[in-house]
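J.: I have a structure I would like to understand better, so I am pasting it below and will then ask my questions one at a time.
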Amino acid sequence: EGTAMLEIVHDMAPGASLYYATAFGGVASMATNIQSLAAAPYNCNIIVDDVTYFREGAFQDGPIAQAVNTVTTGGALYFSSAANSGNLTHNRSGTYEGDFVASATPVPPAVQAFYGATPVQSHAFGGLNYTTLTAATTTVSLKWSDALGASGNDYDLVVTNAGGTTVLGSSGRNAQTGTQDPVEISQLGGAGFPVGSRLYVVKSTGAATRAIRLDTNRGRLPIGTGTAGSTFGHNAAANTVSVAAVNVATAGGGAFTGGAANPVETYSSDGPRKM
């Protein structure tokens, strides 16, 4: 894929010097490679990627976004894919953002059993204490507005079957005790979490109410529940040019004009990002 991107750039600017560094060595490695590309002896002044790490910060710049901020301050231009996780305009949102609001409805026994005898609260999605998947996905993530590396409020993510009677997956009981990231991720291999699966956002410990962000990562949430704000991390850093997905059949061969001539794909991720 990296080679293909270099070939596309060469077609557009055949006289440009091209350099490549992998983005798949982990978050710290990608951040280092971005700064290495911009520094001597490479001196890249245009950097392009289409990579996202699930654990990148949504409410605060993480290491990759900080690297982007550094190289753009030095004069480079940075372009990154907005991602392909859906948008609210086309009723394909797979993201929910809002302040945690405790539901008055107790969690079902299958979820409560996960915590033992200690009562827990789940977030209120309207009149329900859960939301559902309307498109399947292998990965669901939960983030909240504590500082990276300093979260003392423990929220969890629990995924059940459509009836709420069986736990299909969870983000585990790894507690945030003041030194961890405010991130929880649940994954299921194969066909992933099926349509109709319930998503419970559970407040386990900690008194503070936080803004939360539930992301189904190319899944989908019910119309009326899903929100804007799908793009996150360095894809949405302040100085990143965040690039939407368009059909090459309409966008190729000329300047991008948008609108009916070059419509954004219905699966392209949207903003805004709330830092």
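J.: So, in the stretch 82-141, of the ones that are modelled with pLDDT under 95 and at positive phi, which residue ends up surrounded by the most Cβ atoms within 10 Å (Cβ to Cβ)?
T.: Once the filter is applied, the top-ranked residue is GLY126.
J.: When you scan the stretch 40-47, do you find a residue that is assigned to a helix (DSSP H, G or I), open to solvent by less than 80 Å² (accessible area, probe 1.4 Å), in contact with a helix residue (DSSP H, G or I) (Cβ under 8 Å, 6 or more places away or on another chain) and within 14 Å of THR70 (Cα to Cα), even just one? Break it down stepwise before answering.
T.: Taking the stretch 40-47 and keeping what is assigned to a helix (DSSP H, G or I), we get none.
No; the residues of the stretch 40-47 include none that is assigned to a helix (DSSP H, G or I), open to solvent by less than 80 Å² (accessible area, probe 1.4 Å), in contact with a helix residue (DSSP H, G or I) (Cβ under 8 Å, 6 or more places away or on another chain) and within 14 Å of THR70 (Cα to Cα).
J.: Against the definition (buried (at least 20 other Cβ atoms within 10 Å of the Cβ), β-branched (Val, Ile, Thr) and farther than 29 Å from PHE79 by Cβ), how does THR160 come out, yes or no?
T.: Values: buried (at least 20 other Cβ atoms within 10 Å of the Cβ): yes; β-branched (Val, Ile, Thr): yes; farther than 29 Å from PHE79 by Cβ: yes.
Criteria met by THR160.
Table: residues versus (1) over 25 Å from the mean Cα position of the chain (by Cα); (2) farther than 29 Å from GLY149 by Cβ; (3) without any contact (Cβ under 8 Å) to a residue 24 or more places away in the chain.
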{"position": "LEU6", "(1), (2), (3)": "yes, yes, yes"}
{"position": "TYR20", "(1), (2), (3)": "no, yes, yes"}
{"position": "ALA23", "(1), (2), (3)": "no, no, no"}
{"position": "ALA39", "(1), (2), (3)": "yes, no, yes"}
{"position": "TYR42", "(1), (2), (3)": "yes, yes, yes"}
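J.: Does the stretch 226-275 hold any residues that are aliphatic (A, V, I, L, M), in a loop (DSSP other than H, G, I, E, B) and closer than 22 Å to HIS10 by Cα, and which are they? Can you show your working first?
T.: First pass over the stretch 226-275, keeping only residues aliphatic (A, V, I, L, M): 228, 236-238, 241, 243-246, 248-249, 251, 255, 260-261, 264, 275.
Those left that are additionally in a loop (DSSP other than H, G, I, E, B): 228, 237-238, 244-245, 255, 260-261, 275.
Scanning the stretch 226-275 gives ALA244, ALA245, ALA255.
J.: Those residues that are aliphatic (A, V, I, L, M), closer than 21 Å to THR95 by Cα and open to solvent by 80 Å² or more (accessible area, probe 1.4 Å), I need them from the stretch 217-275; list them, please.
T.: Within the stretch 217-275, ILE223, ALA238, MET275 qualify.
J.: Inside the stretch 157-203, can you point out the residues that are among the charged types (D, E, K, R) and modelled with pLDDT of 95 or more?
T.: Residues of the stretch 157-203 among the charged types (D, E, K, R): 173, 181, 184, 198, 203.
ASP181, GLU184, ARG198, listed by residue number.
J.: Next question, about the same structure. Would you confirm whether any residue within the stretch 167-188 is in contact with a helix residue (DSSP H, G or I) (Cβ under 6 Å, 6 or more places away or on another chain) and over 14 Å from ARG213 (Cβ atoms)?
T.: Step one: of the stretch 167-188, the residues in contact with a helix residue (DSSP H, G or I) (Cβ under 6 Å, 6 or more places away or on another chain) are 167.
Those left that are additionally over 14 Å from ARG213 (Cβ atoms): 167.
Yes; the residues of the stretch 167-188 include at least one that is in contact with a helix residue (DSSP H, G or I) (Cβ under 6 Å, 6 or more places away or on another chain) and over 14 Å from ARG213 (Cβ atoms).
The values are calculated or read from the model by the stated rules, or taken from the named source; none is laboratory data. This structure is a prediction, so every number in the text was calculated from the model and none was measured. No Cβ is skipped: glycine too gets one built from the backbone with ideal geometry, and neighbour counts run over all protein chains shown. In case anyone asks, the SASA skips ligands and DNA or RNA and just uses the protein heavy atoms, side chains included. Shrake-Rupley method; radii C 1.70, N 1.55, O 1.52, S 1.80 Å.
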